[in-house]
Each structure stands twice: as C-alpha cells, then as structure tokens.
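Novice: Next up is a structure, given as structure tokens.
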Amino acid sequence: MKITMFDTKPYDKKYFEEVNPNYGFDIKYLESTLGENSAIMAKGSDVVCPFVNCNVDKKVIDILADEGIRLIAMRSAGFNNVDLKRAAERVLKVVRVPAYSPHAVAEHSFAMLLTLVRKMQHAYVRTREFNFSLSGLEGFDLYGKTIGIIGTGKIGRCAADIAKGFGMHIMAYDPYPQQIEGIEYANLEQLLKKSDIISLYCPLTKDNRHLINAESLKMIKKNAVIINTSRGGLVNSEDLLEALKEKRLAGAALDVYEEEAGIFFTDQSNEGIEDDTLARLISMPNVIVTSHQGYLTEEALRAISETTLKNISEFEQGLPLSNEIK
Ligand code: NAI
C-alpha cells in the first residue's frame, strides 16, 4: 500500500517510522496540509492520511477519488473536517483513531487550568528575570470549586477523574449521559450558570458550532474560567474576547482556535499573525493559548501511529474496518 501522509512534522515521522517496519508500507511524508491545491500530491497512492487541519471537503474528495485513492485514514479522533457524505458517494472509506491517549488531552486541559488559576505564565517569566515579587499573582483553589464538563466521552471522563483528585464538584452536560459516580448531570444552561470552570470535551458537529457564544457567555458566572481543548469552532472567539474585555471571565485557556488552520503547528515568529482576534486574545494576561498540543505526548503519538497503520492494514486485507466512520 502506498500512503501519502499530509501535514506531517518530524515527530510524526519519528513514531510512524518506529511502527511501520511491522507493516512495510510505502509512506510519503508531506509537510503540506491536504487541500484543493495539494490533493494532487497523493497521485499514485492508495491511501491518504490527513490530520486535524486538513480540509477534506467535497472538492478534495473528488480529486482524491479521481486519482484512485481508496481510503482516507485520519490520524485524529475528530473528523469534523471530512465530508463523509461525499466520501460515501465516491466510495472512499474513512477511518480514524478514536482513542490514542484520552489522558494526554485531559491532563493538558488541567495543565492549562492550573497555569491560569495560579498565574504560572507570569511567575515563570518573573523568576527568570530575578523578579521575586508576588504582587498580582494571587490565584484561587480548585478544591471545592465546580467544574462543568461538556462531553463525558473518553477525554471528559479522564478529566472528571482528575477533577475528583482535586476535590472539585463535577457537573456535566452530554446528550448521552451515563451513570458515573461523582458526576452530576445537568442541562447546558444549569451547567453554565453553576460552574466556576467550564471545560469542553465534545466533538464539533454541525449542531454545536459556537456552543459558547454571546448568549451562553452571559449565563456564565462572573469570574469563571473557560478551557477549550476540543475544537476551536465550539467557541465564538469574538464573543469570548468581548467577555474577557468586559472582565466577565477570570480567564480562558485555548488549545484550539476556530481559525487555527494555517497558523497552529507552524512557526510564525518572524512574520507575526494577521488574525487580530487571536493576537488580541494572546496579548491578554488571563488567556493562555497552546497550539493544539493536547495530544502531544509520546504515548499518544505512538498509539496514533499504531492504530493508523493497523486501520490501513485491515483495509489492505479486506477485513472489517474497526475504526470506520460512516
Ligand atoms: P468521545 O467520542 O469519546 O466523547 C465525546 C462525547 O461528547 C460523547 O459522550 C458525546 O455524547 C458528547 N457530545 C457530543 N455532542 C455534544 C454536545 N453538543 N454537547 C455535549 N456533549 C456532546 O470523544 P473524545 O475522545 O472524548 O474526544 C472529544 C473531542 O476532543 C474530539 O472530538 C476532538 O474534537 C477533541 N480532541 C482534541 C485533541 C487535542 O489535541 N486538543 C486530541 C483529541 C481529541
């Protein structure tokens, strides 16, 4: 099988090259993301392997299908960037990596939360400059606070376990609630009104775009914190910025951003960025932005490589596809 892998970085190649000897696939690693202009680069391959910011829309799928590609093997859990309907129409199978390390993302969301509420981003810079003053670094305890978990799937449940360790009260909203000890389910409005920390762990779907918007932000407690490690499109960034400017929130931690494609995963330090909303958010003392880094642990990268190549191997052998998205 010939595989063209889009949007790859040296760390992707490292882990795929570790696992590929078990399969012997012919892998072409491209730095370019998959889109209308780059899809043709998959010519001659059987499989394309896109990542989160690749644009696998109707036009791209048509190019891939015309070039004889038979499988889209996502190296991610999320698949909001794939036109599944068109893929089915062009008889292209789509597989993904449903779980690689839910702990990685859940732990990252708490790394961001703790950084924000204990002002670590400021403390780190101060002590590096031998400024040992504590003024302005007052934080707050997580113990006893209410965390509102939106989406109690694999990552949300790991986050709930971590929150239990901190002695937090856990509220959750999920259209498919489960019986989980220590989690109090509520509707979205109740969760927004009662939570001190609101953390998103649900997929981006056509129904929940801008779940956090001007209206929902008005319901949120004053001085609450918002954490988004899910997908940028869940939060209306302009509305979030307004709420922060009006000092209605204590802060926000964003590992994802709705317009992240073309910015995240790349070094823009020489050029700067044109996205004024993102630039303004980054400039705020109570906002932390990481570059879609939640998944970036050794364990997760290894698991992504293993599952992706196993998915492709199942396809090659004509076996049922364990991780097919239909
Ligand atoms: P999962 O499929 O195990 O769980 C998702 C949960 O969200 C399900 O329980 C589902 O019922 C619920 N849900 C669906 N729509 C909802 C809505 N409108 N409101 C509230 N809950 C809703 O998925 P998993 O593995 O927990 O991942 C969640 C998301 O995390 C992924 O879809 C992806 O977007 C994001 N993610 C981010 C990563 C990062 O590096 N920052 C890495 C991996 C995933």
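Novice: Where the eigenvalues come from the Cα gyration tensor of the stretch 63-172, what are the semi-axes √(5λ) of the equivalent ellipsoid, largest first, in whole Å? All intermediate terms of the calculation are to be shown ahead of the outcome.
Specialist: Numbers: eigenvalues 352, 77, 20 Å².
Result for the stretch 63-172: semi-axes of 42, 20, 10 Å.
Novice: For the chain, give the percent of accessible area contributed by carbon and sulfur heavy atoms, probe 1.4 Å, rounded to a whole number.
Specialist: Ligands and nucleic acids excluded, carbon and sulfur reach 50 percent.
Novice: Please tell me the relative contact order of the chain in percent, rounded to the nearest whole number, where contacts are Cα pairs under 8 Å and at least six residues apart. List each step's numbers first, then the result.
Specialist: Details: 594 pairs, mean separation 56.3, N = 326.
17 percent.
Novice: Let me ask something else. Let a ≥ b ≥ c be the square roots of the eigenvalues of the Cα gyration tensor of the chain; is it rounded (a/c under 1.5), or, if not, prolate (a/b larger than b/c) or oblate? Spell out each step's value before the answer.
Specialist: Numbers: a/c = 1.90, a/b = 1.66, b/c = 1.15.
Taking the square roots of the gyration eigenvalues as a ≥ b ≥ c, the chain is prolate.
Novice: Please report the relative contact order for the stretch 132-221, taking Cα pairs under 8 Å with a sequence separation of at least 6, and give it as a percent rounded to a whole number. Numbers along the way, then the final one.
Specialist: Working: 126 pairs, mean separation 29.0, N = 90.
Reported as a whole number, the value is 32 percent.
Novice: Here's something else I'd like to know. Please compute the modelled spin-label separation between residue 90 and residue 313, points set 7 Å along Cα→Cβ, answer in nm with one decimal.
Specialist: Placing both labels 7 Å beyond Cα along the Cβ direction yields 2.8 nm.
Novice: Between residue 180 and residue 37, what is 0.36 nm times their sequence separation minus the Cα-Cα distance? Round to one decimal in nm.
Specialist: Values: separation 143, 0.36 × 143 = 51.48 nm, distance 4.64 nm.
Net length gain for the segment: 46.8 nm.
Novice: Could you sort 157, 70 by accessible area so the largest value comes first, with the probe set to 1.4 Å? Please list the in-between numbers first.
Specialist: On the way: 157 85, 70 105 Å².
Of 157, 70, the descending order of accessible area is 70, 157.
Novice: A follow-up question, please. What residues from the stretch 177-201 fall in the zone where the backbone N is under 12 Å from a label point 7 Å along the Cα-to-C-beta line of residue 280?
Specialist: Within reach of a label on residue 280: no residues.
Novice: In Å and on Cα atoms, what radius of gyration and Dmax does the stretch 136-180 show?
Specialist: 12.0, 42
Novice: When you have a sec, figure out the Kirkwood radius of the stretch 40-102 from all distinct Cα pair distances and drop it here in Å to one decimal? Can you show the working numbers first?
Specialist: Values: mean 1/r = 0.0858 Å⁻¹.
Answer for the stretch 40-102: a Kirkwood hydrodynamic radius of 11.7 Å.
Novice: Number of Lys pairs in the stretch 176-228 with C-alpha atoms less than 18 angstrom apart, excluding same-chain neighbours closer than eight positions?
Specialist: Lysine pair count for the stretch 176-228: 6.
Novice: Also, quick follow-up: Pairs 43/310; 13/119; 9/154: which are spaced more than 29 Å apart, C-alpha to C-alpha? Write out the running numbers ahead of the final one.
Specialist: On the way: 43/310 22 Å; 13/119 35 Å; 9/154 26 Å.
Pairs exceeding the cut-off: 13/119.
Novice: Along the Cα→Cβ direction, 7 angstrom out, place labels at residue 23 and residue 123. What is the inter-label distance in nm?
Specialist: 4.3
Novice: May I ask you to derive the relative contact order of the stretch 185-291, considering only C-alpha pairs under 8 Å and at least 6 residues apart, and to give it as an integer percent? Walk me through the numbers on the way to the answer.
Specialist: Values: 156 pairs, mean separation 26.5, N = 107.
About 25 percent, as a whole number.
Novice: So what does residue 166 come to for accessible area, using a 1.4 Å probe and Å² rounded to 10?
Specialist: Roll a 1.4 Å probe over it and residue 166 shows about 70 Å².
Novice: How much accessible area does residue 11 have with a 1.4 Å probe, in Å² rounded to the nearest 10?
Specialist: The value for residue 11 is about 70 Å².
The values are calculated or read from the model by the stated rules, or taken from the named source; none is laboratory data. Given the structure is predicted, the values throughout are model-derived calculations rather than measurements. Note that we place each Cβ from the backbone using ideal geometry, even for glycine, and neighbour counts take in every protein chain shown. When the accessible area is computed, the model is the full protein with side chains, heavy atoms only, and any ligands, DNA or RNA have been set aside. Shrake-Rupley method; radii C 1.70, N 1.55, O 1.52, S 1.80 Å.
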